Structures are given as C-alpha cells and as structure tokens.
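Data first, discussion second: the structure below is written as structure tokens.
The values are calculated or read from the model by the stated rules, or taken from the named source; none is laboratory data. Please read all numbers here as calculations on a predicted model, not as lab measurements. As a convention, Cβ positions derive from the backbone with ideal geometry for all residues, glycine included, and neighbour counts pool all protein chains shown. Accessible surface areas use protein heavy atoms only, side chains included; no ligands, DNA or RNA. Shrake-Rupley method; radii C 1.70, N 1.55, O 1.52, S 1.80 Å.
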Amino acid sequence: MSPTEIHQRLQDQHDDAITAFEADALDPFVLVKSDSIVEVCQFLHNDPDLAFDCLTNMSGVDFLKEEYIQVVLHLYSYTHRHAIVVKVNMSREEPSMPSVETIWKAANWLEREIYDLLGVVFTGHSDLRRLLMPEDWVGHPLRKDFIEPEEYHGISTRRESLLK
Amino acid sequence: MSLAGYEFEVQRDDGLATEEMTLNMGPQHPSTHGVLRFVVKADGEIMRTALPDIGYLHRSIEKISEKVGYHGFMPYTDRVDYVSAMQCNQGWAMVCERAAGIEVPRRGEFCRIIACELGRIASHLLSVGTMVMDIGGMTPFTHAIREREKVNNLLEDLCGARLTFNYMRIGGVAWDLPPGYAEQVTAFLDRFEPFIAEYNDLISYNKIYVERLANVAAVSKEEAINYNLVGPNLRGCGFQYDVRRDEPYSIYPELDFDVPVGTGEVGTLGDCFDRYMVRIKELKESCKIVRQCLDMIPDGPVLARVAKKLKPPVGDAHVRVEASRGDMGWYVVSDGSEFPYRTKIRTGSFSAMSIVDKLSRGIMIADLIALIASLDVVAPEVDR
C-alpha cells in the first residue's frame, strides 16, 4: 500500500484522531493526536491489510522555537513490505503520551530512552526508568535548552583546553 | 540500578529452606563483549531473569552530531559500532544524501559495497570466534582472528585504518581502490573460502559445542519481530528477510546472493546454534558479493561534488542499512542549517539487548554467556 492509501484507510476509521498528513515529505507521515495514539497504533498493527508488525525506530525531537516535543514512530510491515511514519506532538512543559509498549514490545526500551534523554512521560509503561544516564541524573540531555551540570558526584564535567 | 518490581518468590517442593539469589555480572566481565552489566536473579543455577544495565559506554554520539555538522560527524559514526564501522559510515552517508538529494557516482557505490562486505566478513569472524571462546574453546578464536587480521590489512590498504575507518564521505568515498587491489582481494578470497569449511570441521559441529548451543534460548519469528530483532538474529528464526534484498539500496539489486536462514538443524528453530550458523553462512555470501563487485566495477569518479557546508532542506529523512548486526535505522532532522537538528541511530544490538530479560528466564546461568554471544551484542552500539 502506498502512504496515501494507508492514510485514507486510517482516515476512514479514525477520522478525528488524525490532524495532518504530509504526502510530499521524503518519508510521508501522519500526525496523530496524543490521546488516541494507542487506538491508531492498534489499528495499524491489527488490520490485515496494513499489518504493521514492526516498530523499526522511535525518536524524540525537541523543537525549542516551535515549543513542542515530537515523538516519531517509524513503522514497517514485514507482511506487506510497506512503511509509514507516525508523529505525535506534545507540549514542552509536561510532555506525555500513552505508551505503545503493549502493541510492540520493542517500544519498551525505545520509550525508556526517550524518557531518559527528552523527558517524555509514557503513561502506562511497565517499567519507565532511565536507560542510558545514571538514575540520579538531573535533567534530560537531548533537550535543546539542557545545560550540563558542572559536576556529577564531585567529578568535574569540564576540562581545560589542552591548546592553552 | 533499582530492582523494584523484580522480586521473585522461590518455593521448593521438598521443603528445604531456600532464597532468591542476586548476582552481579559485569561491567567488566570478559564475556559481555564490552562494558555491559547484568543483574542476575537466580534460584540456584536457574535464572529467574537477567536484567541488562546499560549506559556505561554512552558517549552521547547523537548529541555530538548536533555540534559538528554533517561532514564532521563521519568519524564519530565509526565509534557507533567499532567492530563493523563501514556500515555505520554508509548509514550516515546515505541518510544525509537522502535528506540533501545527492547522487553517488557509480564507482563510489561499488567501492562502498566492497568495503562494507569486507567489513561484514571481519565482524562475523570476530563474532563466531569470540562465541567459541565464551563457551570455553580458545583455539578456534585464534583461527578466526588470524583471518580477520588479513581482512583488516585489506581495509588498511583501502583507507589507512584498521578499525575506525572514516572511509566514506557524503556523496561517495574518500579514496579510490589502490592499484592492484582487485588481485589482492581475490587472492584473499581464494584462500578464505575454503577456510569456512575448515572452521566448520574444527568447531561448528563439535559435539560439546553443539550441546551447549542447541535448544538454548529459542526465539520464535513473531517474538523476534515484536521485539524488533534484526539481521542474523531475525534470520536465525527461519525468517528470510534482509534489507539488502527486500528494501534494496545502493547497488544490491544488481548483485546475486542468498539470504541464509536458521533451519533448526541441531535443535529448536531459532536457538543459539541457528543464530551462529547464519553468520557462518553469511561469510560465504559476502565473499560472493565482493567477487561480483570486483568484476563489475566501472571506471569513473568515486566522490560527487558536495557543498562543504552542507545544508539539507528543512525536513527529516530515515534510512535502513543492513549492518553486520542487522537493520540499522538512521534518522536525521534538518532545520536548514549546516548542523543536523537531531540524529537518531537505532541499532541492532539495542533491540537484541532488550530481549535478554525475556529470553534469560528459566535458563542456566552458564547459558547466559551463550545467549549474549549468539545475539552478537556490541556494547558501544547499545549505548551510542
């Protein structure tokens, strides 16, 4: 199925959940409302003509100037060999969206990573802990306005330039 | 690492008093292939679970990309998976080319594929060598490393480095093949192809080795897809899928090669042995691809003209590359400036690590070593 057909199919079923569709982008994407992401993903996964059985990639992007955080899901179907990108926008102050872990197990760690690095809270996640950073780390390093702390447990994070 | 939610109740039928045991494995355990840590919850020798604790090698490579620009990030991609850096180079080059709409000269594509497939041979040799060493056999490792050194020599002739190559550029490759390279590579392949059979005779069907791997930690196809296992780990479940063949990129559509899959020949389909055997078979396929490329390679330039300050249009691009550890996803967001706005690398080892908790339940502690080795996890690729 082409991305336009996939969008049409989604539109028929979940009209009010889809806020935008960009067919001319390099990877065509649909923009989905955050609170209906689970139903949309469930449909994408279960519908026999769509059968998106694999979540190949999931990333978080912090748009500082536009004041929102975007979570990007790259879906792929091994059955039909087609792909679609699903994007979800949320506020920068309290970014949160429902977890899709129940649909694709791969989302477990991918969501933990996004929580760790961007501070997006995935509601309903079974084990939402930091993944890459230490547990007591303050802040989310991939936020565009993140300022690295001067030290961590007495270890300086600064180093003088060797060229001086 | 907090272990809340991972308590297990241990009960015995014979009434003997017992309790759950928490063991620490790593971060500097020789069999964890880098700095990885597992917290093992065990009931005697049987594991209840092994929880991976990662992040020891987190260098924030994705953040670095936002500071160094598109061209400047190329050497950093070597460090994502230093065991097979060529495909990481290729992934980054391809995603930038896609975002900016750059065409790679045909000879450049051939140089890339020759380099990548030699890199795959080197990576798989390390994988099958260390696998035997983890299980307890030292000798086959030295045989595999002996051959790997020869591949490293070839790659050194190509780009001057043996591990972190920095060979590719956005728009092609940095250098053309050196004079007489085709003869050198062919001579190596002639010697190397019989070695695969020799290696199989030496260890692959050794009784002790087979017993250690057969029926251990089998993964079904559905489970593998749900956890997004990729590459040899996915093919080990008997599912014939290879990005090079099924979502072809570069010049792979013109090349003739097979996609080996696990067959369950000594035990269950999708067990540790199947994953191991897929890598052995892929060695041969990579040799086939390199030979074809050397025959078909056209004359011409190897590098397109690309702006020094590359500024892809506003938008995002995603590519998938079949690296040695499977489908590697590269995602880049451009805001129209000369620095990537956001880069995300989804690697094969990352998803392989996330399934360890599930697979380790109910197997012996000693089998954890076989499991990690068979998933071919490389720690820096997990943490990035």
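The table for this structure:
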{"quantity": "So B:Ile64, is it over 19 Å from the mean Cα position of the chain (by Cα) and under 24 Å from A:Met133 (Cα atoms)", "calculated": "yes"}
{"quantity": "For A:His74: the one exception among (1) in contact (Cβ under 8 Å) with a residue 40 or more places away in the chain; (2) surrounded by fewer than 21 Cβ atoms within 10 Å (Cβ to Cβ); (3) closer than 24 Å to B:Asp242 by Cβ", "calculated": "(2)"}
{"quantity": "Matching option when the condition is more than 9 Å from every other protein chain (Cβ to nearest Cβ) and under 28 Å from A:Leu10 (Cβ atoms), among A:Glu101, A:Glu93", "calculated": "A:Glu101"}
{"quantity": "Candidate set from segment A:113-125 (those that are in a helix (DSSP H, G or I) and open to solvent by less than 20 Å² (accessible area, probe 1.4 Å)); member that is nearest to A:Asp136 (Cα to Cα)", "calculated": "A:Asp116"}
{"quantity": "Filter result (within 13 Å of chain A (Cβ to nearest Cβ) and farther than 14 Å from B:Gly348 by Cβ) within segment B:239-253", "calculated": "B:Phe239, B:Gln240, B:Arg245, B:Asp246, B:Glu247, B:Pro248"}
{"quantity": "Contacts under 9 angstrom Cβ, first residue in segment A:1-15 being of a type in the set (S, T, N, Q), partner open to solvent by less than 50 Å² (accessible area, probe 1.4 Å) and in a helix (DSSP H, G or I), 6 or more apart", "calculated": "A:Gln13/A:Val40; A:Gln13/A:Phe43"}
{"quantity": "Selection from segment B:341-377 of residues that are open to solvent by less than 10 Å² (accessible area, probe 1.4 Å), more than 11 Å from chain A (Cβ to nearest Cβ) and not in a helix (DSSP H, G or I)", "calculated": "B:Ser360, B:Asp376, B:Val377"}
{"quantity": "Checking A:Leu132 against (1) within 24 Å of B:Tyr56 (Cβ to Cβ); (2) more than 13 Å from chain B (Cβ to nearest Cβ); (3) open to solvent by less than 30 Å² (accessible area, probe 1.4 Å), the condition it does not meet", "calculated": "(2)"}
{"quantity": "Of all residues making up segment A:28-45, the number that are open to solvent by 30 Å² or more (accessible area, probe 1.4 Å), over 13 Å from A:Val100 (Cα atoms) and touching a Phe, Trp or Tyr at 6+ places or on another chain (Cβ under 9 Å)", "calculated": "2"}
{"quantity": "Entirely in segment B:172-268, the helices (runs of 4 or more DSSP H) that have 2 or more residues that are open to solvent by 10 Å² or more (accessible area, probe 1.4 Å)", "calculated": "B:181-199, B:207-213, B:221-226, B:243-246"}
{"quantity": "Qualifying positions in segment A:130-161 - within 20 Å of B:Ile61 (Cα to Cα) and among the aliphatic types (A, V, I, L, M)", "calculated": "A:Leu131, A:Leu132, A:Met133, A:Val138, A:Leu142, A:Ile147"}
{"quantity": "Residue match in segment B:281-294 (condition: open to solvent by less than 20 Å² (accessible area, probe 1.4 Å), closer than 28 Å to A:Thr102 by Cβ and either at pLDDT below 90 or assigned by TED's automatic domain parsing to the domain that holds B:Gly129 (or both))", "calculated": "no"}
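Yes/no per residue for (1) more than 27 Å from B:Gly101 (Cβ to Cβ); (2) of a type in the set (D, E, K, R); (3) within 16 Å of the chain's Cα centre (by Cα):
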{"site": "A:His7", "(1), (2), (3)": "no, no, no"}
{"site": "A:Gln13", "(1), (2), (3)": "yes, no, no"}
{"site": "A:Ala20", "(1), (2), (3)": "no, no, no"}
{"site": "A:Ala25", "(1), (2), (3)": "no, no, no"}
{"site": "A:Val40", "(1), (2), (3)": "yes, no, yes"}
{"site": "A:Ala51", "(1), (2), (3)": "yes, no, no"}
{"site": "A:Cys54", "(1), (2), (3)": "yes, no, yes"}
{"site": "A:His80", "(1), (2), (3)": "yes, no, no"}
{"site": "A:Val86", "(1), (2), (3)": "no, no, yes"}
